[in-house]
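None of the figures in this text is laboratory data; all of them are computed from the coordinates on show. Being a predicted model, the structure only gives us computed values, none of them experimental. Glycine gets a Cβ as well: all are built from the backbone with ideal geometry, and neighbour counts include every protein chain shown.
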Amino acid sequence: MVKIGSHVSFSDKGLLNAANEAQTYGSSSFMIYTGAPQNTRRKPIEDLYIPEGKAAMAASGIKVEDIVVHAPYIVNLGSYKEDTFRLAVDFLQEEIRRTNQIGVSNIVLHPGAFTDKDAEYGIARIAEGLNEVLDGTKETNVNIALETMAGKGTEIGRSFEEIAQIIDKVRANDRLTVCMDTCHIHDAGYDIVNDIDGVLHQFDEIVGLNRIAVVHVNDSKNPRGASKDRHAPIGSGWIGYDGISGVVRHELLKDKPFILETPWIGKNDATERPMYELEIAMLSGNTEQRFGGKFLEDVERLHHLFNGQGIVGREYVLQTWELLKSDAKARKADPREPMERLYDILMEHLVFDPQLSEEAVNHRLLAYLAGKEWLNSL
Ligand SMILES: [Zn+2]
């Protein structure tokens with residue numbers, strides 16, 4: 001069985017909240033930030049509902065070894081500024097101790113950015129920081145999972161070589177693992193759509209597949225090599241459902257936990273909902289069990305409707321992203337992304353019962369975008 005889940009909220013009742021939310025999506029894994037990702041304020045460990053959360057996880061069959069913590073993305077170990085670097089080192093040590101107390105063995109970290117310096121400086125500085133962080137947390141059983149990055153701005157970790165160079169410079173590197181992110185490596189230029197075997201082979205040669213502790217599964221709003229890092233729901237971006245499915249089902253990634261960090265979808269903030277439940281079901285191969293036969297009939301109807309309009313889902317998605325990227329005028333006139341455009345066409349044609357929620361319609365739309373082959377394969 002595929003171990004898959006999503007980023008879930010750790011607010012309010014901490015681990016209990018996270019476990020309950022994960023359960024509503026049918027998850028077998030999940031990821032948390034121990035507090036807001038954009039700041040370093042954290043609750044005391046007693047207020048994190050750890051025993052209650054673990055009981056809820058056990059009840060839904062989620063193992064603590066399959067969940068991960070994500071470090072806040074504001075810390076920067078690559079900074080040449082002493083105060084920024086110091087804050088990153090100190091805070092990461094605290095986060096690792098917290099992660100250890102929860103019982104989680106991997107904390108995902110964006111390696112860092114070199115800002116006004118250069119990549120060589122950044123790599124050395126990140127390694128220096130990691131050496132200090134690891135030296136100060138020897139009593140824990142926590143590994144740091146360096147995340148593969150898209151290469152936005154001056155981010156380090158945009159190539160497998162950069163990840164390997166950091167690992168080489170760290171003394172206790174048996175405590176370094178890797179978080180591979182599909183959107184990021186695609187944006188960094190790796191062709192996971194047409195050549196996942198080649199990409200994994202390359203990773204194995206340069207870093208080693210045994211380092212991979214977790215895989216972030218996200219589609220991308222940008223073409224391969226764009227160095228952007230904007231996530232899209234599975235099947236609604238440039239990678240596509242088949243590309244993502246090829247990663248999740250890959251023999252070499254068997255048994256790794258997969259974590260979705262796909263954006264919530266909705267016409268406005270109040271109706272925005274995550275697509276996790278459907279994404280998890282599709283990628284675990286239990287869409288019919290979870291959503292029912294009527295759901296699949298609805299998806300079939302979408303194929304008929306769009307066929308009649310001369311729309312082929314996958315082509316429509318790629319053409320719309322291309323238009324939004326290359327034609328500023330057209331984007332200004334109509335900034336709607338592919339999913340929203342298709343949603344509006346559906347609403348215009350009154351395909352479904354008006355009682356059906358926006359979330360439910362978007363689930364059907366996303367399943368439509370997985371393609372006719374996917375539907376026929378069920
Ligand atoms: Zn990340």
Exercise. Grab the other residues whose beta carbon is less than 14 angstrom from that of Ile123, score K and R as +1, D and E as -1, and report the net.
Key: -3
Practice problem: Along each of the three principal axes of the Cα atoms of region 103-185, give the extent in whole Å, ordering the values from largest to smallest. | Solution: 35, 26, 17
Quiz item: Fewest to most neighbouring Cβ within 10 Å: what's the order for Met57, Met347?
Solution: Met347, Met57
Self-check item: Proxy reagent accessibility, fewest Cβ within 10 Å first, across Tyr73, Tyr25
Solution: Tyr73, Tyr25
Quiz item: Got the relative contact order for the chain handy, in percent, Cα pairs under 8 Å and 6 or more residues apart?
Solution: 14
Practice problem: Grab the DSSP H runs of the chain that are 4 residues or longer, score each as -39,500 (n - 2.57), total them, divide by all residues and round the 222 nm result to the nearest 500 deg cm²/dmol. | Solution: -14000 deg cm²/dmol
Quiz item: Say a paramagnetic label sat at a point 7 Å from the Cα of Lys325, along Cα to Cβ; which residues of region 156-194 have their backbone N under 19 Å from it?
Solution: 158-159, 181-194
Practice problem: Would you look at the GNM of the chain, springs on alpha carbons closer than 10 Å, and say which of Gly103, Gly293, Gly122 moves the most? | Solution: Gly293
Quiz item: Once both axes come from the Cα atoms, what is the angle between helix 338-348 and the longest principal axis of the chain, in degrees from 0 to 90, rounded to 10?
Solution: 30
Quiz item: Hull surface divided by four, with the convex hull built on the Cα atoms of the chain: how many nm²?
Solution: 19.0
Exercise. Taking the chain as the reference, fit the longest principal axis to its C-alpha atoms, fit the long axis of helix 119-135 to the helix C-alpha atoms, and give the angle between the two in degrees, 0 to 90, nearest 10.
Key: 70
Quiz item: Which value does Rg/Rh take for region 326-378 over its C-alpha atoms, Rh per Kirkwood?
Solution: 1.08
Quiz item: Which one of Arg364, Arg273, Arg158 has the biggest mean-square fluctuation once the chain is modelled by GNM with Cα springs under 10 Å?
Solution: Arg273
Quiz prompt | Rounded tilt (10° steps) of 160-169 against the dominant C-alpha axis of the chain | solution = 20
Self-check item: Counting DSSP beta bridges with both ends in region 3-285, the antiparallel % (nearest 5)
Solution: 15
Self-check item: Contact order relative to length of region 288-376, as percent, for alpha carbon pairs under 8 angstrom and 6 or more apart
Solution: 39
Quiz prompt | Sorted by Cβ neighbour density within 10 Å, fewest at the top, the residues Lys256, Lys54, Lys43 | solution = Lys43, Lys54, Lys256
Quiz item: What percentages, rounded to whole numbers, describe P(r) for region 288-376 computed over all alpha carbon pairs with 5 Å bin width beginning at zero?
Solution: 3, 13, 25, 23, 17, 11, 5, 2, 1
